[in-house]
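> Input: one structure, supplied below.
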Amino acid sequence: MVQDICSHRRRAEVTLLIRYIAFLLRDACRVDHDVDILIEGNRIAAIGSHLSAPAGAEIVEATGCAVIPGLINGHTHLYQNFLKGAGTGLCLTPWCDRVLFPMADVILRQQRAGNQRPAYLWSTLGAIEMIRGGTTCCQDLDVSMDTVFQAWADVGLRGVAAITLADAWIPPEVMVETERLKQSTLGYLERWHDPAGRITISLGPSAPFLCTDELLTWTRHTAEKYDLGIHIHVAETAHEVGDSLRDHGKRPLERLEALGLLGERLSAVHCVHVNDTEIELLARHGVTVVHCPKSNMKLADGVMPWPKLKAAGVPVALANDGCASNDLLDMWEEMRAAALLGSIGAGNPSAITPADVFRAATKGGARACRVDAGTLDPGRLADIAIVDLSGAHLRPIHDILQTLVFCARAADVRDVIIDGRVVMRQRQILTVDEAALVGEADGVGQELYARAQQSAVRR
Ligand SMILES: [Zn+2]
């Protein structure tokens, strides 16, 4: 079904040996020492001591380093990269009105005029920031344009493009007519969805209150027909729950269950205001909850009841959310925020452990993104971050997992391998001209932000 128009579908087979690894974190509970990883093509071929390098293999030395599964940002909005540091001090609804909708209005005007360059630039900016911090994959609920995904192809990121679907609540100026929305979604699927490659499509009904029952039902049928993930914000605020009870006679997750959307293909972002019945629903249907602790704190949404989700066996992924409510795409900060918020939220410093947050940032993210990554094992995708442990802030090391979760910074990531290919070596991005693209993104982002300040679009 795919057309061969995208460079992300063509790659040479390479063999790569990462050797002399001081600490290999295969997952949150398995740490090996003094081992090597052999990568053939885009997958891990072997893990062991003193592996021999096949002829022609590229060698990466990891002496004194920790090697971890690439971090996975289970939910973001890359267009908000142009909104860093903007609109602080607002709760969700006024924040949408004053920060998001004006920028969406300006972006959509650019798109209608045929200018997709801004989307390429915000996506490039996000991809570079994430790779520099060891994030190898994200799920992006964005203002969908082909150039967003072309940027991932060029930079070398793995990405899941959650195509935004909404037909209620938002201002008419930023609403796309429903039939056109459905057709454009199928178009993105045709052009970009490649389960064997680095870019896949999921369906992103933005939130229950942003979608009619008809659109949610179409989403379910389309996801089942093409075997796609569904990605949705749910129960972020207490207002959302109250409005859902008023308008539909059901809480948001109960409404989704009634429409048949709960299941393993669903990743539910936030789930801050969920009661015990809804937690049982999430567990029974195998839904992955995507936790965005910094965003929840910035918008004063509340605290996701992670200890209760954990006790019920609900899988949890970790995410940055968009830069208008974070403001970084930094999974190290997110892990620390999740651990600290978990402690204060439960009034119990052992309620959420370093292993919980590391697992959520790796294996949980892989589940939310439906990618075969998140642990380091033979046969898995070779998405890997190499962390330099020489920094003073990392020494001494008593427990490598705790050192990584509580002390490591994005800047400690030395090399990043995605799909078996080195995309950052010794802190240098190898795939694109980083300085030129960041400079261009800075100029365009400032210009669009200035125009957004003039926009009168409100809900
Ligand atoms: Zn979000």
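> Give the accessible area for Cys29 in Å² (nearest 10); use a 1.4 Å probe, count only protein heavy atoms, and leave out ligands, DNA and RNA.
100
> If I histogram all Cα-Cα distances within the range 31-107 using bins 5 Å wide from 0, what percent of pairs lands in each bin?
3, 10, 16, 14, 8, 5, 6, 8, 10, 12, 6, 2
> Now, a different point. Calculate, for Ala311 and Asp213, the FRET efficiency according to 1/(1 + (r/R0)^6) with r their C-beta to C-beta distance and R0 25 Å; round to the nearest 0.05. Before the final figure, lay out each step's value.
Working: r = 32 Å, r/R0 = 1.28.
In this case the efficiency is close to 0.20.
> At 222 nm, what value in deg cm²/dmol follows for the chain if DSSP H runs of at least 4 each add -39500 (n - 2.57) and the sum is divided by all its residues, to the nearest 500?
Value at 222 nm, helices only: -10500 deg cm²/dmol.
> In nm, what is the difference between 0.36 nm times the number of residues separating His398 and Ser455 and their Cα-Cα distance?
Between His398 and Ser455, full extension yields 15.2 nm more.
> Hey, another quick one. For the range 83-95, what does the Karplus curve 6.51 cos²θ - 1.76 cosθ + 1.60, with θ = phi - 60°, yield as ³J(HN,Hα) per residue in whole Hz, taken in order and with x for Gly and Pro?
In residue order, the calculated couplings are 10, 4, x, 9, x, 7, x, 10, 7, 3, 5, x, 5 Hz.
> Please name whichever of Gly322, Leu245, Gly74 sits farthest to the positive end of the charge dipole of the chain, dipole taken about the Cα centre and charges placed at Cβ: Lys and Arg +1, Asp and Glu -1.
Result: Leu245, furthest along the dipole toward the positive end.
> What FRET efficiency comes out for the pair Arg30/Ala55, r = Cβ-Cβ distance, R0 = 25 Å, nearest 0.05?
0.25
> Let me ask something additional. Ranked from highest to lowest mean number of other Cβ atoms within 10 Å per residue, what is the order of the peptides 140-147, 215-222?
Result, highest mean first: 140-147, 215-222.
> Quick one: which residues, 5+ away or cross-chain, put their amide H under 5 Å from the amide H of Ala382? H built at 1.01 Å from N.
Under 5 Å from the amide H of Ala382 lie the amide H atoms of Arg43, Ile44, Asp419, Gly420, each far enough along the sequence or on another chain.
> Compute the distance in nm between two label points, each set 7 Å from the Cα along the Cα-to-Cβ direction, one at Arg246 and one at Glu190.
4.2
> A further question follows. Solvent-accessible area of Asp412, probe 1.4 Å, all protein chains present, reported in Å² to the nearest ten, please.
Asp412 has an accessible surface of roughly 20 Å² with all protein chains in place.
> Still on this model: Using a simple spin-label model with points 7 Å from Cα along the Cα→Cβ vector, what separation in nm is obtained for Gln426 and Ala46?
2.8
> When ranked by the protection proxy of mean other Cβ atoms within 10 Å per residue, highest first, what sequence do the peptides 171-184, 74-87, 297-310 form?
74-87, 297-310, 171-184
> For the ranges 196-207, 116-127, 253-264, what's the packing order if you count other beta-carbon atoms within 10 Å of each residue, average per peptide, and put the highest first?
Details: 196-207: 22.7, 116-127: 24.3, 253-264: 19.3.
Top to bottom by mean Cβ count within 10 Å: 116-127, 196-207, 253-264.
> Let me ask something else about it. Could you work out how far apart the two model spin labels at Gln116 and Ala283 are, taking each label as a point 7 Å from the Cα in the direction of the beta carbon, and quote it in nm?
Each label point lies 7 Å from its Cα, and together they span 4.5 nm.
> Please report Rg (one decimal) and Dmax (integer) in Å for the Cα set of the range 71-369.
For the range 71-369, the Cα-based Rg and Dmax read 17.6, 54 Å.
> Sticking with this one: Report Trp169's accessible area, 1.4 Å probe, all protein chains in place, as a number in Å² to the nearest 10.
80
> Using alpha carbons only, how many degrees (0 to 90, rounded to 10) separate the axis of helix 276-285 from the longest principal axis of the chain?
Compared with the principal axis, the helix lies near 60 degrees.
> Let me ask something else. To two decimal places, what compactness ratio does the range 232-293 give when its Cα radius of gyration is scaled by 2.2 N^0.38 Å?
So the Cα radius of gyration is 1.01 times the expected 2.2 N^0.38 Å.
> What aspartates and glutamates could a cross-link reach from Lys294, if we take a straight Cα to Cα line under 16 Å and drop same-chain neighbours fewer than 8 places away?
Within reach: Glu236, Asp321, Asp327, Asp330, Glu333, Glu334.
> Follow-up question, since we're still on this one. What ³J(HN,Hα) values, in whole Hz, does the Karplus curve 6.51 cos²θ - 1.76 cosθ + 1.60 give for the range 408-414 when θ = phi - 60°, with x put for Gly and Pro?
Karplus-based 3J(HN,Hα) across the range 408-414 equals 6, 10, 4, 6, 7, 6, 9 Hz.
> With a 1.4 Å probe and all protein chains kept in place, how do Arg109, Arg414 rank by accessible area, largest first?
The most accessible residue leads, giving Arg109, Arg414.
The values are calculated or read from the model by the stated rules, or taken from the named source; none is laboratory data. Source: prediction; values computed, not measured. Positions of Cβ are backbone-derived with ideal geometry, glycine not excepted, and every protein chain shown enters the neighbour counts. Calculation scope for accessible area: heavy atoms of the full protein, side chains included, ligands and nucleic acids excluded. Shrake-Rupley method; radii C 1.70, N 1.55, O 1.52, S 1.80 Å.
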